[in-house]
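Working notes for the structure below.
The values are calculated or read from the model by the stated rules, or taken from the named source; none is laboratory data. This is a predicted model, so every value here is computed, not measured. Heads up, the Cβs are rebuilt from the backbone with ideal geometry, glycines too, and the neighbour counts pull from every protein chain shown. Accessible surface is based on the protein model in full, side chains and every heavy atom, while ligands, DNA and RNA are left aside. Shrake-Rupley method; radii C 1.70, N 1.55, O 1.52, S 1.80 Å.
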Amino acid sequence: MDGNGRWALAQDKKRTEGHKKGGEAAKQVITQCAKLGVKYLTLFAFSAENWNRPTQEVGFLMDLLLLYIKREVTTLTKNNIKFSVIGDLSKLDDKTKKAVNDLQNKTSNNTGLHLQVAISYGARQEIVNAAQKIAASEQGFTTDNFAKHLYTNNVPDPDLLIRTGGELRISNFLLWQLAYTELYFTKTLWPDFTADDLNKAIDEFKSRERRYGNV
Ligand code: IPE
Ligand code: MG
């Protein structure tokens, strides 16, 4: 979900206004995915590297995440959405950790869309963490066992990655899991991204031929 800051700048607003609008865009995309019968949606909300942003912006983003996690429980319940978080949660403050746990527990039996939110997430960190866990155990370094020790254990690899905001890079997101994912880049800034834009990306995805290295 990239482009909040540039969206705000273009409207002569503060970056934080872009993040606020971005939160609303996320809500639209989540409900559209639930409506379409998408089984898994992972949103990259805050990266391990985003901690290096100015303290005030980090604080704003954390407050906004907490607000949504607390406020949107009815939206998730109504739409049968199961919520979980991936990332290094040890860096979050206690009230956010608690809210995350509460929402995970409250929605754990929901059988519709599984919404994963990546918070304080970095793929290299996730991979090193998996390697450390395996090394400390008696288990072997097979690809299957490696996948089981990632944060995304039990969640299939993504079919489609959408990056908004015009940058053509992965930025430390799901590096292991994206091995055969179809990539979709759009210049649309995240706060402007609508359900229609999502439909467009999915239509494009449907036209791709996936061969997984086969002929
Ligand atoms: C994405 O928008 C939101 C987060 C990373 C939390 P940005 O804040 O990166 O917006 P730009 O890239 O500066 O426009
Ligand atoms: Mg950005």
Classify region 113-184 as rounded, prolate or oblate from the Cα gyration tensor: take a ≥ b ≥ c as the square roots of its eigenvalues, call it rounded if a/c is under 1.5, otherwise prolate when a/b beats b/c and oblate if not. prolate
How much of HIS149 can a 1.4 Å solvent probe reach, expressed as accessible area in Å² and rounded to 10? 30
For GLN28 and GLN56 in one chain, what is 0.36 nm times their gap in residues minus the Cα-Cα distance, to one decimal in nm? 7.4 nm
With springs only between Cα atoms under 10 Å apart, run a GNM on the chain and tell me which of ASP93, ASP63, ASP102 wobbles the most. ASP93
10 Å Cβ shell holding at most 15 others, DSSP loop, GluC sites (Glu not before Pro): longest site-free stretch of the chain: 1-137
With all protein chains present and a 1.4 Å probe, how do LEU67, LEU189 order by accessible area, largest first? LEU67, LEU189
Classify the chain as rounded, prolate or oblate from the Cα gyration tensor: take a ≥ b ≥ c as the square roots of its eigenvalues, call it rounded if a/c is under 1.5, otherwise prolate when a/b beats b/c and oblate if not. rounded
Can you name the helices of the chain, as whole DSSP H runs, whose Cα span along the helix axis is 30 Å or more and whose Kyte-Doolittle mean is not below -1.0? 15-36
Which of the three applies to region 90-140, rounded, prolate or oblate, going by the alpha-carbon gyration tensor with a ≥ b ≥ c and a/c under 1.5 meaning rounded? prolate
Gain in length, VAL73 to LYS39, computed as 0.36 nm per residue apart minus the alpha-carbon separation, to one decimal in nm? 10.4 nm
